[in-house]
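Single-structure report; data block below.
FYI, it's all coordinate maths here, none of it is from the lab. Because the structure is predicted, anything quoted here is derived from the model rather than measured. Note that we place each Cβ from the backbone using ideal geometry, even for glycine, and neighbour counts take in every protein chain shown.
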Amino acid sequence: MSGKLKIHVDQGKCQGHARCKALAPELFDLDEYGNAHEHGDGQVPEGLEDKAYLAQTNCPEFAIEVIEE
Ligand code: F3S
C-alpha cells in the first residue's frame, strides 16, 4: 500500500448524523453537540483504510475528507 491516509471532518459541514462514528468508531470522536472530529491527529491506522472511505461516502453532508499523504 502506497501512502498513508488522513481524515478530516469539516466542522462547517458536519451536522451530527454520526454515521461516521457508527461505521468507523476507531476513527471518529463525537463532541458534546454530537458533531464528529477525527480521532487524534486524523491518521488512519493500517487496515482501517476501507472504513475511512466507507465513512466518507456515507456522510450525508460530505463533511469528511480523506487525504492521501
Ligand atoms: Fe458529521 Fe457526517 Fe459524521 S454529518 S457526525 S461527519 S456522518
Distance (nanometres) between label positions extended 7 Å along Cα→Cβ at LEU30 and ALA18: 0.2
Evaluated at q = 0.12 Å⁻¹: base-10 log I(q)/I(0), Debye formula over Cα of the chain: -0.25
